[in-house]
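Participant: Just passing along the structure, written as structure tokens.
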Amino acid sequence: MKVIYLDHSATTYVKREVLNAMIPYFNIEYGNPSSMYSIGRSAKRALEHARAQVSRALNAQQSEIIFTSCGSESDNLAIKGFAYANKNKGNHIITSKIEHPAVLNTCKRLEEKGYRVTYLNCDENGFIDVNQLKKEINKDTILISIMMANNEIGTIQDVKQIGRIAHDNGIVFHTDAVQGVGNVKIDVNEMNIDMLSLSAHKFYGPKGIGALYVRDGINIERIQDGGHQEMNRRAGTENVAEIVGLGKAIELASFNIEEYNKHLLDLRQYFISEIKGKVKDIKINGSLEKRLSGNINISFKGKESSEILLGLDKRGICASGGSACSSGMNSPSHVLLAIGLNKEYINGTIRITLGEENTKQDIDYLIKSLEEILS
Ligand SMILES: *Cc1c(COP(=O)(O)O)cnc(C)c1O
């Protein structure tokens, strides 16, 4: 059976060009970038080339990019690293109720260690309450961490405005842009971003490699001790092959961003217009304007998402309920709760996230399958 993959916010396949770029660094150019001889030096060059690719994609400096093992590590390093290094300035952090667990659970850990965290509310479309943000800022606030785009409902926050509010109050602004990179054009200077997390496997790069942008002059404490790699900010021999893959993937994604968005948006609009005439009692969650082009978060009133997903899986269609990180658990999605979605809709919610290889035929097959499953 052909697999139709509609879960690109969980992960993506690795593009052929990305894989080809990586391969030599496993068994030919396998030197340690810290070694002084030739294959060490060429690994070091590859590392710095990838750093330049990442910095160009964000309009940052090379010295501002730290490679990590994943998006979750980048979030941990940004939030814990900043909180630990700046605890003499204050102990209050502001984030939102709809963050990824990599941010939420990092903040919960800091609460156990005596930091105070405010979790902002959001409206029914998933936008944080900017007035509440302004009200919650106090003299102890050192950090604001708000995600760029939500992994469940796709809402894209007004990061520039949030960063402006942070800077007007002398506060550092971190954004988890793991869903943003590859989908949203990013300029850390124009968007007032001081720290940004990204992960290659969300934009057709390999799993297990991420990066953190940290604006020059911002002090973070290392959370992993060891050697002096990554300008002393993250110990461990660099994962050269995957870093090369990350660099290639982010470069391809940035070249292609308009065309990619147009393709996904066309498919999304086609899906929405078709499903509306064929299935009753549905609700599309999240903003339809400021949203990841490939995200469709849809509720079927009174239905069970696990049954829908099982039916789709039987037909070779991969989709997700809520988010991959919480699937397997029965607790309702914290994001759907935060946008105030009614219980009879929450239980029947699935997430479809489109990607570059999807076609109109895939959407036709998806709709036909949903009609069968729901009838
Ligand atoms: C996937 C994801 C992460 C975690 O990234 P990993 O590389 O899987 O650790 C963090 N934040 C968001 C918004 C994500 O979608």
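Values in this text are rule-based calculations from the coordinates and carry no lab data. Computed from a prediction, not measured in an experiment: that's the story for all the values here. Cβ sites come from the backbone with ideal geometry, for glycine too, and all protein chains shown count toward neighbours.
Participant: Report, for the chain, the % of DSSP beta bridges that are antiparallel, rounded to 5.
Facilitator: Of the beta bridges lying entirely in the chain, close to 55 percent run antiparallel.
Participant: Note the full-extension length gain between residue 136 and residue 27 as 0.36 nm times their separation in residues minus their Cα-Cα distance, in nm to one decimal.
Facilitator: Here the answer is 34.0 nm.
Participant: Now, a different point. Do any of 97/303; 89/248; 44/89; 139/248 go past 32 Å between their Cα atoms, and which?
Facilitator: Check vs 32 Å cut-off fails for 89/248; 44/89; 139/248.
Participant: Evaluate the charge dipole of region 16-255 about its Cα centre and quote only its size in Debye, nearest 20, assuming +1 on the Cβ of each Lys and Arg and -1 on the Cβ of each Asp and Glu.
Facilitator: Around 400 debye, computed over region 16-255.
Participant: Based on the Cα coordinates of region 235-373, what is the per residue volume of their convex hull in Å³?
Facilitator: Measuring per residue, one finds 160 Å³ for the Cα hull of region 235-373.
Participant: Report the gain in length on full extension from residue 13 to residue 343: 0.36 nm times residue separation, minus Cα-Cα distance, nm rounded to one decimal.
Facilitator: 115.4 nm
Participant: Continuing with the same structure: For the chain, would you read off the P(r) tail past 25 Å as a percentage of all alpha carbon pairs?
Facilitator: I get 55 percent for the Cα pairs in the chain exceeding 25 Å.
Participant: Which of the helices in the chain, when you take each full DSSP H run, stretch at least 18 Å along the axis at their Cα atoms and have an average Kyte-Doolittle score of -0.5 or higher?
Facilitator: Counting only whole DSSP H runs, the qualifying helices are 38-58, 71-85, 240-255, 360-374.
Participant: Now for a different question. Which longest uninterrupted range of the chain lacks any trypsin sites (Lys or Arg not before Pro) assigned by DSSP to a loop state (not H, G, I, E or B) and surrounded by at most 10 other Cβ atoms within 10 Å?
Facilitator: Between the exposed loop sites, the longest stretch runs 140-279.
Participant: So what are the ³J(HN,Hα) numbers for region 211-220, from phi and the Karplus equation (6.51, -1.76, 1.60; θ = phi - 60°), rounded to whole Hz, Gly and Pro as x?
Facilitator: Once θ is set to phi - 60°, the couplings for region 211-220 become 8, 10, 8, 10, 4, 3, x, 8, 9, 10 Hz.
Participant: With each label point set 7 Å from Cα along the Cα-Cβ vector, what nm distance links residue 281 and residue 108?
Facilitator: 3.3
Participant: Let me ask another. Test of the criteria: in region 89-139, which GluC sites (Glu not before Pro) are in a DSSP loop and have at most 12 other Cβ atoms within 10 angstrom of their Cβ?
Facilitator: Sites meeting the loop and neighbour criteria: 124.
Participant: Next up: When we measure straight from the Cα of residue 290, which lysines land under 17 angstrom away, once same-chain ones fewer than 8 places off are left out?
Facilitator: Cross-link targets: 160, 185, 262.
Participant: Using the alpha-carbon centroid of each, what span in Å lies between region 235-291 and region 52-123?
Facilitator: Using only Cα atoms to place each centre, the spacing works out to 23 Å.
Participant: Note the full-extension length gain between residue 272 and residue 289 as 0.36 nm times their separation in residues minus their Cα-Cα distance, in nm to one decimal.
Facilitator: Taking 0.36 nm per residue and subtracting the Cα distance, the gain is 4.8 nm.
Participant: Long-range amide H contacts for residue 291: which residues qualify at under 5 Å (H placed 1.01 Å from N, peptide plane, sequence gap of 5 or more or a different chain)?
Facilitator: For residue 291, the qualifying residues are 156.
Participant: In nm, give the distance between the simple-model label positions of residue 189 and residue 258, each being 7 Å from the Cα along the Cα-to-Cβ direction.
Facilitator: 2.2
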